[in-house]
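Enquirer: One structure coming up, written as structure tokens, with questions to follow.
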Amino acid sequence: MNSISRMAIALATALLAFPAAAALNVFACEPEWGALAQELGGDKLSVYSATAALQDPHHIEARPSLIARIRNADLVICSGSELEVGWLPLLLTQSGNDRIQPGSPGFIEASQFVVKLEIPKVIDRALGDIHPGGNPHIHLDPRNIAKVGDVLTARLAEIDHANSGFYQQRADAFGKRWQAAIERWQQQAAPLKGVAVVVYHKDMSYFINWAGMREVGSLEPKPGIPPTPTHLAELVDRMKRNPAKVVVYSPYNNPRAAQFLSEQARIALAPLPFTVGGSDKAKDLFGLFDDTIERLLKTAK
Amino acid sequence: MLRKLWCAAALAAAVLPARAQESDAAKLREELQQLKQQLQKMERRLQETEAKSGKAEESAARAETTVTQAAAQASSRPQTESALNPGISAILNGVYSNLSRDPKSYRINGFVPTMGDVAPPRRGLSLGESELGFTSNVDHLFRGTLIASISPDNDSIGVEEGYIQTLGLSHGFTVKAGRFFSAVGYQNQIHAHAWDFTDAPLANKVFLGNQLNEDGIQLKWVAPTSLYWDLGAEFGSGRAFPGGPAGGVNKNGFGSTNLFTHVGGDIGASTSWLAGLSHLRTAPQDRTFDDLDGTGTLVTNSFTGTSRLWVVDGVLKWSPNGNSTYNSFKLQGEYFRRTEDGVLTYDTQAASLGPTSGSVSSRQSGWYLQGVYQFLPAWRFGYRYDQLDSGSFSLGGALTAANFPTLGSYNPSRNTVMVDWSPSEFSRVRLQYARDYSRQGQPDNQVFLQYIVSLGAHGAHKF
């Protein structure tokens with residue numbers, strides 16, 4: 001076989017590689033929502049996550065591969081609150097897919113269904129890349145996962161009536177396991193109460209709020225603005241006078257600034273998984289919280 | 001009688017607003033009351049559930065924070081008409097230019113001048129075109145976009161783009177209608193503020209008059225494949241180069257047709273790519289251009305015929321694990337090939353040797369390749385190479401090459417380097433140096449120091 005016909009066959013297979021036809025196509029903007037959909041829908045869903053743990057969900061290119069995926073999606077689930085404002089609107093308008101436009105059952109903006117934190121009182125870009133609707137990183141409060149899970153179950157049942165019983169059954173089972181896990185995590189995380197923490201970006205706020213920790217600073221001088229030497233020096237100074245227990249960062253952050261602060265101010269350093277896939281142990285949503293709590297407990301001792 | 005009426009009117013004028021204020025205040029009070037009730041209800045519900053789960057000791061504090069949060073969320077919900085205003089954005093840019101040759105004498109030799117302004121900005125400090133954008137969903141079926149460009153020198157406002165786009169179609173179809181940047185090649189669809197260099201590639205200048213925005217309709221279909229594949233067609237008025245005359249052809253049909261297709265995908269997590277092929281066909285009628293003739297007189301020439309443009313484009317973007325916050329690389333290139341056949345008329349205004357017509361046929365091409373590397377979170381470095389090939393240009397009838405000295409065989413080229421700094425997503429400062437061989441035998445050293453900022457609604461940029 002010559003190389004041209006081989007290439008033609010490769011191209012044809014690539015073109016015809018439809019996602020499994022029978023399953024419902026779910027397009028998740030972030031891995032945590034993909035993982036939640038997988039828990040609730042099992043093999044009835046074909047789940048695609050637009051971003052991975054190593055990617056900053058604020059800065060994603062509206063890549064052709066994402067347009068191809070969203071074009072075939074039956075349901076889109078995203079954090080919302082302008083987290084994906086730089087790329088999702090473009091995917092939606094380019095998709096030629098009326099099932100997943102905002103306002104239709106196939107579009108879920110997860111942050112709409114929870115109580116949001118850090119809604120800015122003053123909206124001004126001089127304050128950094130702020131989200132007028134509140135902090136969008138809602139998934140690190142386990143109670144929010146349960147709330148969004150309820151919405152997702154209802155939507156799956158609405159879109160795919162035939163399997164509504166299946167989804168409900170799985171949702172009930174998941175809900176029970178999740179409640180039990182929350183109770184366990186609450187006990188485990190008790191020593192974290194009141195622990196002072198420095199974050200990289202304000203993406204841990206919901207966890208900090210849930211665990212009752214205290215955020216005392218961030219490596220970014222302003223949300224979305226990368227750490228600067230002046231700001232870091234100031235932070236080191238502050239930490240020497242009034243030390244935090246731990247400095248945390250997410251897989252998509254550059255660890256250097258966090259390491260610098262940790263060394264200079266002699267405070268513990270904890271890389272956190274942030275989302276599903278962000279560490280070896282964070283294989284699913286349960287693993288995400290297990291690992292986050294475990295890593296923090298190690299430093300809080 | 002008249003005075004009585006006047007008195008009554010004055011009284012009414014004085015009383016009515018007060019009434020209106022009163023009723024406004026009453027409405028506000030009522031709304032506040034409702035809000036309070038809602039909050040109390042929420043609080044109660046929260047306490048109930050908290051008590052049920054046996055966490056009563058925490059519930060008071062929690063309820064308090066939740067209620068304040070709920071109050072904050074309720075109050076942050078805009079209640080005025082302006083809540084439905086479209087997303088408004090403004091782009092401001094200014095440039096300092098240092099040019100070794102007068103931009104007024106700018107000319108790309110070997111190619112027919114376009115109707116658009118392709119010359120560099122004037123020497124010294126100048127304000128670039130400001131952009132004003134409005135975009136919003138119209139209803140559940142359409143999305144509307146208006147982008148006006150405000151030119152600083154002749155105080156005129158132009159419509160850069162103004163189109164509606166369907167949202168309600170399925171099976172991968174979208175339809176756009178109005179004025180929009182034509183999907184011919186890659187760079188043409190990108191707004192100037194998002195370009196990686198201060199100016200357009202030479203090929204875009206000679207083949208598309210800098211940037212082609214067409215009045216027309218675009219149909220696009222995205223195939224149901226996991227590899228991205230689209231097919232599209234545009235039918236336009238032919239209002240701008242390479243169509244013409246300016247404003248479009250005077251007929252009920254179309255003045256231009258553009259067919260395009262793109263294929264794109266990912267290579268692993270770090271690399272993604274998009275490749276396109278487009279074919280723009282226009283039938284210019286009396287497309288005029290001003291040029292110096294053999295005697296050195298400025299004359300007006302005119303072309304009527306067929307213009308066919310083929311563009312092959314490709315773009316590849318890389319960033320470690322797809323995280324472009326710290327490092328990224330973008331490689332972009334396009335190849336243009338144009339054939340034009342028709343009738344060329346020299347000196348239509350009889351300013352020099354008097355009108356002469358004859359057949360004309362040209363085959364010309366050009367390309368550019370550019371790479372931009374982000375080496376620090378806010379810093380990028382870029383290099384671009386431009387090359388044009390004036391190809392063949394043959395004249396028939398009474399026309400002689402001496403009538404068109406600037407269209408003689410010449411292959412312009414340009415080398416450009418730039419470095420830019422973007423302290424946030426919304427601002428950028430760029431320093432660019434180019435050595436431009438657009439004029440035959442007269443290289444131009446061009447230095448630009450430019451700022452571009454965007455205000456207001458957060459735009460999403462095309463891949």
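A short reminder: the numbers here are calculations on the coordinates, not readings from a lab. Values in this document were obtained by computation on a predicted structure and should not be read as measured data. All Cβ positions, even for glycine, are placed from backbone atoms using ideal geometry, and neighbour counts span all protein chains on display.
Enquirer: Report, to two decimal places, the Cα Rg of the stretch B:226-273 normalised by 2.2 N^0.38 Å (N = number of residues).
Expert: 1.77
Enquirer: Separate question: In debye, nearest 20: dipole of the stretch B:104-169 around its Cα centre with unit charges on the Cβ of K, R (+) and D, E (-)?
Expert: 360 debye
Enquirer: Next question. Over the whole of A:88-96, what's the average partner chain Cβ count within 10 Å per residue? Rounded to a whole number, please.
Expert: 6
Enquirer: In whole Hz, what ³J(HN,Hα) sequence does the stretch B:205-211 give by Karplus (6.51, -1.76, 1.60; θ = phi - 60°), x for Gly and Pro?
Expert: 5, 7, 9, 10, x, 5, 7
Enquirer: Per residue of chain A, what 222 nm ellipticity follows from adding -39500 (n - 2.57) for every DSSP H run with n ≥ 4, rounded to the nearest 500?
Expert: My calculation for chain A gives -13500 deg cm²/dmol from helical runs alone.
Enquirer: Which whole-number percentage describes the relative contact order of the stretch B:184-282, with Cα contacts under 8 Å and a sequence gap of 6 or more?
Expert: Relative contact order for the stretch B:184-282 comes out at 23 percent.
Enquirer: Something else: Quick one: order B:L388, B:L455 by neighbouring beta-carbon count within 10 Å, fewest to most.
Expert: B:L455, B:L388
Enquirer: Per residue Cα convex hull volume for the stretch A:159-209, in cubic angstrom?
Expert: Taking only Cα atoms, the stretch A:159-209 has a hull volume of 102 Å³ per residue.
Enquirer: Using θ = phi - 60° and the Karplus relation 6.51 cos²θ - 1.76 cosθ + 1.60, list the HN-Hα couplings for the stretch B:450-457 in order, rounded to whole Hz, with x at every Gly or Pro.
Expert: 9, 10, 9, 10, 10, 10, x, 3
Enquirer: Roughly speaking, what is the centre-to-centre gap between the stretch A:238-301 and the stretch A:157-182 when only Cα atoms are used, to the nearest Å?
Expert: Using only Cα atoms to place each centre, the spacing works out to 32 Å.
Enquirer: Please provide three numbers in whole Å: the alpha-carbon extents of the protein assembly as shown along the principal axes, with the largest listed first.
Expert: If we take the Cα atoms of the protein assembly as shown, the spans are 102, 100, 61 Å.
Enquirer: Taking H as built 1.01 Å from N, whose amide H comes closer than 5 Å to the amide H of B:N210, not counting residues under 5 places away?
Expert: The list, which skips near neighbours in sequence, is B:K205.
Enquirer: Evaluate peptide A:50-61: per residue, the Cβ atoms of other protein chains within 10 Å of its Cβ; return the mean as an integer.
Expert: Counting other chains' Cβ atoms within 10 Å and averaging over A:50-61 gives 4.
Enquirer: Which pairs break 24 Å Cα to Cα here: A:K121/A:K202; A:K202/A:K240; A:K176/A:K281?
Expert: Over 24 Å apart, Cα to Cα: no pair at all.
Enquirer: Would you mind counting up the charge near B:N210? Only other residues with Cβ under 12 Å from its Cβ, with Lys and Arg at +1 and Asp and Glu at -1.
Expert: -3
Enquirer: Please arrange A:E118, A:E263 by how many other C-beta atoms lie within 10 Å of their C-beta, fewest to most.
Expert: Listing A:E118, A:E263 from fewest to most nearby Cβ atoms yields A:E263, A:E118.
Enquirer: Calculate the mean, over all residues of peptide B:320-330, of how many other protein chain Cβ atoms lie within 10 angstrom of the residue's Cβ.
Expert: Counting Cβ atoms of other protein chains within 10 Å of each residue's Cβ and averaging gives 5.
Enquirer: Extension gain B:R308-B:S392, at 0.36 nm per residue separation less the Cα-Cα distance, in nm?
Expert: 28.8 nm
Enquirer: What number do you get for the stretch B:126-267 when its Cα radius of gyration is normalised by 2.2 N^0.38 Å, N = residues?
Expert: 1.11
Enquirer: Still on this model: Any idea what diffusion coefficient the stretch A:39-105 gets from Stokes-Einstein, in µm²/s, Kirkwood Rh on alpha carbon pairs, 20 °C, 1.002 mPa s?
Expert: Taking Rh from Cα pairs, D becomes 168 µm²/s.
Enquirer: Kirkwood Rh, Cα Rg: Rg to Rh for the stretch B:258-355?
Expert: 1.29
Enquirer: Please compute the length gained on full extension between B:H279 and B:S136, using 0.36 nm multiplied by the number of residues separating them and subtracting their Cα-Cα distance.
Expert: Full extension from B:H279 to B:S136 adds 48.4 nm.
Enquirer: Now for a separate question. In what sequence do A:I182, B:I108 fall when counting other Cβ within 10 Å, fewest first?
Expert: Result, fewest neighbours first: A:I182, B:I108.
Enquirer: With the calculation restricted to Cα positions, what are the radius of gyration and Dmax of chain A in angstrom?
Expert: Radius of gyration, then largest Cα-Cα span, for chain A: 20.9, 73 Å.
Enquirer: Starting with the highest mean, order B:410-423, B:336-349 by the number of other Cβ atoms within 10 Å, averaged over the residues of each peptide.
Expert: B:336-349, B:410-423
Enquirer: Give a residue-ordered list of calculated ³J(HN,Hα) values for the stretch B:305-318 (Karplus: 6.51 cos²θ - 1.76 cosθ + 1.60, θ = phi - 60°; whole Hz; x for Gly, Pro).
Expert: Rounded to whole hertz, the list is x, 10, 10, 10, 10, 10, 10, 10, 9, x, 9, 9, 10, 10.
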